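Asks: My structure is below; once you've seen it, I'll send some questions.
Every read-out reported here was derived from the displayed coordinates using simple, explicitly stated rules and does not represent laboratory data. What you see is a predicted model; the values in this text were computed from it and never measured. Backbone-built Cβ (ideal geometry, glycine too); neighbour counts: all protein chains shown.
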Amino acid sequence: MSGMRRDQKRAAHAYARVRQAQETLGDDWKSYKIAIDGLGPAILRNGLVAAFAFLERDAGKNHIKTLLDALAQSGVRGFDGAGSSLPERIRTMDTDDYMLATREILLVVHWFKRAAQALDKD
């Protein structure tokens, strides 16, 4: 993947992680898709902290844990290795990293949404 552009890397990561989620989540797949569909608008409407606080509320649910893990590994600076503690990591970011992370995660979420739409069998 070294020769890929950033957007290509985001798309490849999203498709791989969404495909994996689809194969492993079973009945939680629909809830995973709903969480992905709502995340971008929630970030735009409420901000990054509030959108991820909403996810954090349900972090014990398998589909949310799967989504947080995938987003933590998406290449957004400051997210690496956060997993389910991603909402806490976001709350502690400095302003510059927070603004950059907001822009980057919106691009990542866009690719997750496209992947979920493309891979959905319904």
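Asks: Mind listing whichever residues of segment 72-82 are buried (at least 16 other Cβ atoms within 10 Å of the Cβ) and free of Cβ contacts under 8 Å to residues at least 40 places away in the same chain?
Replies: Ala72, Val76, Gly78, Phe79, Ala82
Asks: What are the residues in segment 90-106 that are buried (at least 18 other Cβ atoms within 10 Å of the Cβ) and of a type outside the set (Val, Ile, Thr), if any?
Replies: From segment 90-106, those buried (at least 18 other Cβ atoms within 10 Å of the Cβ) are 90, 93, 101-102, 104-105; that's our starting set.
Passing the criteria: Met93, Ala101, Glu104.
Asks: I need every pair where a residue in segment 95-122 that is free of Cβ contacts under 8 Å to residues at least 24 places away in the same chain has its Cβ under 6 Å from the Cβ of a residue that is buried (at least 16 other Cβ atoms within 10 Å of the Cβ) and not in a helix (DSSP H, G or I), sequence separation at least 6 or different chains.
Replies: What qualifies is Asp97/Gly78.
Asks: Taking only segment 62-100 into account, find how many residues are under 21 Å from Ala16 (Cα atoms) and assigned to a helix (DSSP H, G or I).
Replies: The qualifying residues number 14.
Asks: Next up: Quick check: is even one residue across segment 41-61 part of a helix (DSSP H, G or I), under 11 Å from the mean Cα position of the chain (by Cα), aromatic (Phe, Trp, Tyr) and buried (at least 16 other Cβ atoms within 10 Å of the Cβ)?
Replies: yes
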